[in-house]
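Novice: Take this structure, written in structure tokens, and hold onto it; I'll ask about it next.
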Amino acid sequence: MKRILKLAVFGIAAIAAFSSCSKNEDVPSQKDIETKIIGKWKEASINGKDALTNNRIVKTFVSNQGGNHSMSMSRYFDGKYRWSNKIPFECEIKGNDICESYTGMVKVFAKVTFIDETKLDENVYKRITPEGKELSENTNATFQKVTADYSQDIIGMWEGVEMTGDETYGDANHRIEYKADGTYTYYDKVGDSWVPSKNAGNEYNVDGDWLATRWQPTEGADYEYEWWDIVEIKDGTMKWSALREKEDGTRYTTTFTWKKVNLPTQEEIEAKIIGKWKKMKHDGKDAVTNKRTIWSFNNDGKGTQSFADYKEGDKTFIWDNKVSIQYSIQGNIVHSVSTNVEHTIAIPSINDNQITMHVTKVISHGVDVKENHIGEYSKVTADYSEAIIGMWEGVEMTGGETYGDANHRIEYKADGTFTYYDKVGENWVPSENVDNEYNIDGDWLATRWRPTAGADYEYEWWDIDEIKDGTMKWSALREKEDGTRYTTTITWKKVQLQ
């Protein structure tokens, strides 16, 4: 506890030896130290007691003049957490004395009492704070040589298989995707879908076989931290372990086993992405008809996107009617660019009929929109854009109404406009609506209109189930303000105009 309190003030772990140096001991020579110290060393014990996984230092001596170190940030520095991820240090060796200098932090003075090819014992006897204050110390630690380097092997998607011991922040029923840029995405299981968590600022650091992670539960919140020792990554299996300590001082070991999830290759995505795709689920939940997105990808790097939604922030609707896009694929990442919007989309799975799109970033009109959601899409082969043209009369409607019942007619025109007719007596009378537009993208129908000139647009969306033998059938999954959902259907018959 005293050691932790000291580190809380000075922000750096003790770099020490297993046993203090005495006059009668044989100590390693400067030449011996300089020869054997090159490499990576992980703290194994502190003052004769096994080092907790949460409370480790990993030092890498690149040369006799210095290297870099990673350190657990379960310790405070100036009242704040620090993310010590391969921080450089300078080193000076004189006899069996080592002085390590950390820019803007401290100087640490230690004596090497033992060193061979696998083990390093040190005794930290003094440190100097950034303000120049000299502090005496007597902390002993043993470091073990680390030859494993899992920084590349960990990259990719992993699914939890089994966890033993007490949980800290999550159980085995999760996925994690580690990315080459030092960030990761954590996935929760929602029904049959893997949905990215709402965490922000997700970072990780693999230093040899030691894994440090941090994240914010929500944007702007304090960071949470977790550390693991990577036991092995082999044949598509990753194993972790961690020695942890409860508040009452009792210790326990937790283990975690993961299996590698093979993400689709760039070649697979390039071959299978061609075609039209309709969003069917959003973050594991059935997507309402009002909030569908339709992506169409051609084999020339071009395509279209249709989307309609209400933007609560500025009280406006988005009306994307087959907006032209250009896209590129790198690995399992699709980058789409239209006139005003850029999408960065990870593809965790794809086959001939389904594709999962993880939208990780959206830049809209130059503004970085915070996006992190999973969309599950189905391949659309139907195209009702020609079959809908003409006059249709309502036959039957089930479920709740939105703007009208079945006792109406609609004439869809080839120029993307429509006329809505009310029944007045025995006559069909055009409504007073203006600026009537529609968009059919595959089997999805989006419509908008103004009740009167200059008024705000009204919107309505439908899924076209079929158009066949003079009959058209629609359905729509809708959601009320209280979150309850319902399905509406409507049937139309074709009217042969004279």
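Novice: Being within 26 Å of Ser197 (Cβ to Cβ), touching a residue at least 60 places away in the same chain (Cβ under 8 Å) and of a type in the set (S, T, N, Q) is true for just one of Ser306, Ser336, Ser349. Which residue is that?
Specialist: Details: Ser306 fails: within 26 Å of Ser197 (Cβ to Cβ); Ser336 fails: touching a residue at least 60 places away in the same chain (Cβ under 8 Å).
Going through Ser306, Ser336, Ser349 in turn, the sole match is Ser349.
Novice: Of all residues in region 129-173, which are under 18 Å from the mean Cα position of the chain (by Cα) and assigned to a loop (DSSP other than H, G, I, E, B)?
Specialist: Result: Ile154, Ile155, Tyr169, Gly170, Asp171, Ala172, Asn173.
Novice: Read through the list (1) of a type in the set (S, T, N, Q); (2) modelled with pLDDT of 95 or more; (3) in contact with a Lys or Arg (Cβ under 7 Å, 6 or more places away or on another chain), then give the number of the only condition that Ser241 fails.
Specialist: (3)
Novice: Right, next: How many of the residues in region 305-333 are surrounded by fewer than 19 Cβ atoms within 10 Å (Cβ to Cβ) and at pLDDT below 80?
Specialist: Here the count works out to 9.
Novice: Going by what's in this entry, would Lys189 be described as of a type in the set (D, E, K, R) and either touching a strand residue (DSSP E or B) at 6+ places or on another chain (Cβ under 8 Å) or on the phi > 0 side of the Ramachandran plot (or both)?
Specialist: Here the answer is yes, as Lys189 does meet what is asked.
Novice: Would you please list the contacts, defined by Cβ atoms under 9 Å and residues six or more apart or on different chains, that run from a residue in region 444-463 that is under 18 Å from Thr488 (Cβ atoms) to a residue that is of a type in the set (S, T, N, Q) and surrounded by fewer than 18 Cβ atoms within 10 Å (Cβ to Cβ)?
Specialist: Close Cβ pairs (under 9 Å, with a partner that is of a type in the set (S, T, N, Q) and surrounded by fewer than 18 Cβ atoms within 10 Å (Cβ to Cβ)) amount to Ala446/Asn321; Glu460/Thr402; Trp462/Ser475; Trp462/Thr488; Asp463/Ser475.
Novice: Counting only residues that are among the hydroxyl-bearing types (Ser, Thr, Tyr) and part of a strand (DSSP E or B), which one in region 175-209 is farthest from Glu226 (Cα to Cα)? If you could, list the steps in order and put the result at the bottom.
Specialist: Our first condition is that a residue be among the hydroxyl-bearing types (Ser, Thr, Tyr); within region 175-209, this holds for 178, 183-187, 193, 197, 204.
Remaining after also requiring part of a strand (DSSP E or B): 178, 183-187, 193, 204.
Details: Tyr178: 15, Thr183: 14, Tyr184: 13, Thr185: 15, Tyr186: 13, Tyr187: 16, Ser193: 25, Tyr204: 10 Å.
The qualifying residue farthest from Glu226 (Cα to Cα) is Ser193.
Novice: How many residues does region 402-419 hold that are in contact (Cβ under 8 Å) with a residue 12 or more places away in the chain, open to solvent by 50 Å² or more (accessible area, probe 1.4 Å) and not small (Gly, Ala, Ser)?
Specialist: Residues in region 402-419 being in contact (Cβ under 8 Å) with a residue 12 or more places away in the chain, open to solvent by 50 Å² or more (accessible area, probe 1.4 Å) and not small (Gly, Ala, Ser): 4 in total.
Novice: Tyr76 is checked against (1) open to solvent by 20 Å² or more (accessible area, probe 1.4 Å); (2) touching a helix residue (DSSP H, G or I) at 6+ places or on another chain (Cβ under 8 Å); (3) modelled with pLDDT of 85 or more and fails just one. What number does that condition carry?
Specialist: With respect to (1) open to solvent by 20 Å² or more (accessible area, probe 1.4 Å); (2) touching a helix residue (DSSP H, G or I) at 6+ places or on another chain (Cβ under 8 Å); (3) modelled with pLDDT of 85 or more, Tyr76 is out only on (3).
Novice: Name the residue that is nearest to Arg56 (Cα to Cα), counting only residues in region 176-198 that are of a type in the set (S, T, N, Q) and open to solvent by less than 40 Å² (accessible area, probe 1.4 Å). Show your work before the answer.
Specialist: Here is the first cut: in region 176-198, the ones of a type in the set (S, T, N, Q) are 183, 185, 193, 197.
The next check asks that each one be open to solvent by less than 40 Å² (accessible area, probe 1.4 Å); those that pass are 185, 193, 197.
Working: Thr185: 24, Ser193: 36, Ser197: 28 Å.
Going through the qualifying residues, I end up with Thr185.
Novice: Looking at this structure, is Ile329 on the phi < 0 side of the Ramachandran plot, in contact with an Asp or Glu (Cβ under 6 Å, 6 or more places away or on another chain) and aliphatic (A, V, I, L, M)?
Specialist: Spelling it out, Ile329 is indeed on the phi < 0 side of the Ramachandran plot, in contact with an Asp or Glu (Cβ under 6 Å, 6 or more places away or on another chain) and aliphatic (A, V, I, L, M).
Novice: If you take the residues of region 272-285 that are more than 21 Å from the chain's Cα centre (by Cα) and either farther than 18 Å from Ile440 by Cβ or among the β-branched types (Val, Ile, Thr) (or both), which of them is surrounded by the most Cβ atoms within 10 Å (Cβ to Cβ)?
Specialist: Taking region 272-285 and keeping what is more than 21 Å from the chain's Cα centre (by Cα), we get 272-278.
When the remaining residues are screened for being either farther than 18 Å from Ile440 by Cβ or among the β-branched types (Val, Ile, Thr) (or both), the result is 272-274.
Numbers: Lys272: 18, Ile273: 21, Ile274: 14.
Ranking the candidates gives Ile273 first.
Novice: Is it the case that region 85-100 has a residue that's in contact with a strand residue (DSSP E or B) (Cβ under 8 Å, 6 or more places away or on another chain), aliphatic (A, V, I, L, M) and within 27 Å of Asn199 (Cα to Cα)?
Specialist: Within region 85-100 (the criterion being in contact with a strand residue (DSSP E or B) (Cβ under 8 Å, 6 or more places away or on another chain), aliphatic (A, V, I, L, M) and within 27 Å of Asn199 (Cα to Cα)), the answer is yes, since at least one residue qualifies.
Novice: May I pose another question? Looking only at region 478-490, decide whether some residue is surrounded by 15 or more Cβ atoms within 10 Å (Cβ to Cβ), hydroxyl-bearing (Ser, Thr, Tyr) and within 23 Å of Lys276 (Cα to Cα).
Specialist: So far as region 478-490 goes, no, none of its residues is surrounded by 15 or more Cβ atoms within 10 Å (Cβ to Cβ), hydroxyl-bearing (Ser, Thr, Tyr) and within 23 Å of Lys276 (Cα to Cα).
Novice: Can you find a residue in region 420-434 that is open to solvent by less than 30 Å² (accessible area, probe 1.4 Å) and either charged (D, E, K, R) or more than 20 Å from the chain's Cα centre (by Cα) (or both)?
Specialist: First, pick out the residues of region 420-434 that are open to solvent by less than 30 Å² (accessible area, probe 1.4 Å): 431.
Keeping just the survivors that are either charged (D, E, K, R) or more than 20 Å from the chain's Cα centre (by Cα) (or both) gives 431.
There is at least one residue in region 420-434 that is open to solvent by less than 30 Å² (accessible area, probe 1.4 Å) and either charged (D, E, K, R) or more than 20 Å from the chain's Cα centre (by Cα) (or both).
Novice: Quick one: is His358 in contact (Cβ under 8 Å) with a residue 40 or more places away in the chain, surrounded by 16 or more Cβ atoms within 10 Å (Cβ to Cβ), in contact with a Pro (Cβ under 8 Å, 6 or more places away or on another chain) and not β-branched (Val, Ile, Thr)?
Specialist: yes
Novice: At least 2 residues that are under 38 Å from the mean Cα position of the chain (by Cα) and of a type in the set (A, V, I, L, M, F, W, C) in each: list the strands (runs of 3 or more DSSP E) lying fully within region 80-128 that qualify.
Specialist: Counting at least 2 such residues, we get 84-94.
Novice: Something else: Taking the conditions exactly as written (without any contact (Cβ under 8 Å) to a residue 12 or more places away in the chain, open to solvent by 50 Å² or more (accessible area, probe 1.4 Å) and over 24 Å from the mean Cα position of the chain (by Cα)), does Thr253 satisfy them or not? Talk me through it step by step, then tell me what you get.
Specialist: Working: without any contact (Cβ under 8 Å) to a residue 12 or more places away in the chain: no; open to solvent by 50 Å² or more (accessible area, probe 1.4 Å): yes; over 24 Å from the mean Cα position of the chain (by Cα): yes.
When the stated conditions are applied, Thr253 does not pass them.
Novice: Please tell me if Glu117 is in contact (Cβ under 8 Å) with a residue 12 or more places away in the chain, open to solvent by less than 50 Å² (accessible area, probe 1.4 Å) and charged (D, E, K, R).
Specialist: no
Novice: Something else about it: Being of a type in the set (A, V, I, L, M, F, W, C), part of a strand (DSSP E or B) and open to solvent by less than 30 Å² (accessible area, probe 1.4 Å) is the filter here, so list the residues in region 366-392 that pass it.
Specialist: Matches in region 366-392: Ile374, Val380, Met391, Trp392.
Novice: Next question, about the same structure. Restricting attention to region 210-230, does a residue exist that is on the phi > 0 side of the Ramachandran plot, touching a residue at least 40 places away in the same chain (Cβ under 8 Å) and either assigned to a strand (DSSP E or B) or exposed (fewer than 13 other Cβ atoms within 10 Å of the Cβ) (or both)?
Specialist: No - not one qualifying residue is present in region 210-230.
The values are calculated or read from the model by the stated rules, or taken from the named source; none is laboratory data. In this text, all values refer to a predicted model and were calculated from it rather than measured experimentally. Cβ coordinates were reconstructed from backbone atoms using ideal geometry, including for glycine residues, and neighbour counts include every protein chain displayed. Heads up: the accessible areas ignore ligands, DNA and RNA and are worked out on the full protein's heavy atoms, side chains in. Shrake-Rupley method; radii C 1.70, N 1.55, O 1.52, S 1.80 Å.
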